[in-house]
Amino acid sequence: MNRPTNPFRATLFTALCVALGSAVAAEPPATFPTTPPVPGAAPTLTIPTPTSQTLPNGLRVISVRRDGLPLVTARLVIRSGDEMDPPTQAGLADLTANLLTKGAAGLTAPQIATAAETLGGSLSAAAGWDESDVGITVTTPRLPQALALLAKVVRQPAFDARELKRAQAQAIDEVRLTLSKPTALAGLVAARGTFGTGAYGHPRSGTPASIAHIGRADVQQWHAALYRPDNAILVLAGDITPAQALQLAQASFGDWSRPATSLPAKPPGSGERSLPAVVLVNQHGAGQAGVVASHPAPPRSDAHYYDGLVADAVLGGSYSARLNEEIRIKRGLSYGAFSELQPLRNAGAWLASAQTRNPAVPQVVDLMLAQFHQLGAENVPDAELAARKATLIGSYGRSLETTTGLATQLAELAVYDVNLGEISRFPDQVNAVTPRQLRKYAHKHLDADEATVVVVGDASQFAAAVRKTHPKAVLLDAATLDLDRADLGAGAATH
């Protein structure tokens, strides 16, 4: 997504660049490098081996010790999230997680916040695909009290009717703001194009209509069905031993009863797809257009996961990756063009996005599709691949520098049933990916026939031009889109 910028600052920056460029052209410094430096060696990650233990009630306890600072991050992760939303109640998982800290065990929302602040931390609660979680980071001596507080909000939420009403109003406002942003709306439509009627196709945060239809009983039932010890993981990262982790988990969660009923089955991630390959959405008067291209991708359990991760790094995982190079750096068509691989439990997606001027849409679409094709048609040069791998490994290493980042990475591995030892094998796995493996993966999963390209903006400035290349492109109107339906609403198409 583009970041708004100060027009004067942008103009001044351009003028300075021109002036500096002229000066350099007239008298280049003798020592000015003509090529970028060779990427340095990938950093070596030293991560203690995580320990996994299980309480009698089924709660999995994962801990990893990091000496140096008396800090511990605790995350209680539920292995269910937005994918479990009922078809007519998108946003239920998000709303449930949001309400956990708004009242529990006789404490009000302000009292819970004060209790966390007294411990030197703050409680965060959220839901996402395949998980919901509550987390807090505190100093080691205060960890028992922090876990006790965490247990209260997870196990005894009040779901107060007034807090629910307030949370719904806030959620609806946030969703409406999201729907007003071209690139964000394009992403939601692209998800419908990729996952169709599947569990990952609906908007995670819901829609104004779906959120309004959620009642207190719905939240209570969702919590009772899925917030249970045999569907939960407690992750503790920092100044703590495995023995201490087990003892503290037992103290706060050992009496959490496992229901006699079975866990609800996970719905299929992907379903019937009814949208055409190219969808144009008219957002009348939009100053810019959002362009998103989405492809189906394998789930996180795929054996070639690291091939995909490296392929994504080459395509659009950083500022100097191919999409940004072609769209922003070479042509100035966007403030940024990036991609993201989203491997989930039952499915996955590749997403590429850029925000651009309305008249530039056809060019941006063609550039995106061309980069997808090239990645699957040609080997990536060794130097480029080495640079992208170094960036990927460096970013990963930085994410593990804090106890919060360490806990987040462990939680993700656990949620997707990946061996916890992978947390330290990441650099080796990335470096092992060859140009041939990358090309083969991209060729298989970036097939143009499987892509959904969505453009949201002032269609009067680009629809006709896009249809010259993509004559089957359908034109919809943003005001009549129904994101609660996989087809976005019957009769929404215009010609």
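The values are calculated or read from the model by the stated rules, or taken from the named source; none is laboratory data. Computed from a prediction, not measured in an experiment: that's the story for all the values here. A quick note on method: Cβ atoms are made from the backbone with ideal geometry, for glycine too, and the neighbour counts reach across all protein chains shown. Each accessible area value is taken on the protein alone, full model and side chains, heavy atoms only, with ligands, DNA and RNA left out. Shrake-Rupley method; radii C 1.70, N 1.55, O 1.52, S 1.80 Å.
In table form, for the structure just shown:
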item	result
Other-chain or far-sequence residues with amide H under 5 Å of Asp477's (modelled H)	Asn282
Computed E for Asp67/Gln374 - FRET, C-beta separation, R0 51 angstrom, nearest 0.05	0.65
Long-range HN-HN contacts of Ala104 with modeled amide H, under 5 Å	Ala158
Average Cα contact separation per residue, the chain, under 8 Å, 6 or more apart, as relative contact order %	22
Only Lys, Arg (+1) and Asp, Glu (-1) charged, at Cβ; the range 326-477 dipole about Cα centre in debye	380
Phi-based couplings in Hz for the range 351-367 (Karplus 6.51, -1.76, 1.60; Gly and Pro marked x)	10, 10, 8, 7, 10, 8, 5, 3, x, 8, 3, x, 5, 5, 4, 5, 5
Packing rank of 331-338, 103-110, 254-261, where each peptide gets the mean count of other beta carbons within 10 Å, highest leading	331-338, 103-110, 254-261
Listed peptides 292-299, 480-487 by packing density, highest first (mean Cβ within 10 Å)	292-299, 480-487
Amide H partners (placed H, <5 Å) of Val61, local residues excluded	Gln53, Thr54, Leu55, Leu234
Calculated diffusion of the range 167-300, Stokes-Einstein form, Kirkwood radius summed over Cα pairs, 4 °C and 1.567 mPa s, µm²/s	69
Accessible area (Å², per residue) of the chain, counting only protein heavy atoms and a probe of 1.4 Å	46
Considering only the chain, percent of DSSP beta bridges that pair antiparallel, nearest 5	75
Relative packing of 382-392, 81-91, which averages over residues the other C-beta atoms within 10 Å, highest first	81-91, 382-392
Farthest toward positive dipole pole in the chain [+1 Lys/Arg, -1 Asp/Glu at C-beta], among Tyr335, Thr140, Thr183	Thr140
Positive-pole candidate from Ala386, Ala352, Ala463, dipole of the range 338-495, charges at beta carbon	Ala386
Backbone HN-Hα couplings from phi across the range 202-219 [Karplus 6.51/-1.76/1.60, Hz, Gly and Pro as x]	7, x, 4, 7, x, 10, x, 5, 5, 5, 5, 8, 8, x, 4, 5, 5, 5
Cα centre as origin, Lys/Arg/Asp/Glu Cβ charges: the chain dipole, Debye	340
Mean shadow area of the range 268-327, taken as a quarter of the surface of its Cα convex hull (nm²)	6.5
Note, ³J(HN,Hα) from phi for the range 286-299, Karplus 6.51, -1.76, 1.60, rounded to Hz, x at Gly and Pro	4, x, 9, 10, x, 10, 10, 10, 10, 10, x, 9, x, x
Shape call, the range 253-400: gyration tensor on alpha carbons, a/c limit 1.5	oblate
Cα coordinate range in the range 139-185, projected on the principal axes (Å, largest first)	47, 28, 12
Carbon and sulfur %, accessible surface of the range 445-486 computed with the full protein complex present, 1.4 Å	49
Shape category assigned to the range 175-225 from the gyration tensor of Cα positions, a/c cut at 1.5	oblate
Dipole of the chain, positive direction: furthest Cα of Gly317, Ala297, Leu119, with charges on the beta-carbon	Leu119
Cα-centre dipole for the range 261-410 with unit charges at Cβ (Lys and Arg positive, Asp and Glu negative), debye to 20	320
Spatially proximal lysines relative to Lys102 (Cα-Cα < 27 Å; intrachain offsets below 8 disregarded)	Lys152, Lys165
Protein-only accessible surface order, largest first, of His470, His373 at 1.4 Å	His373, His470
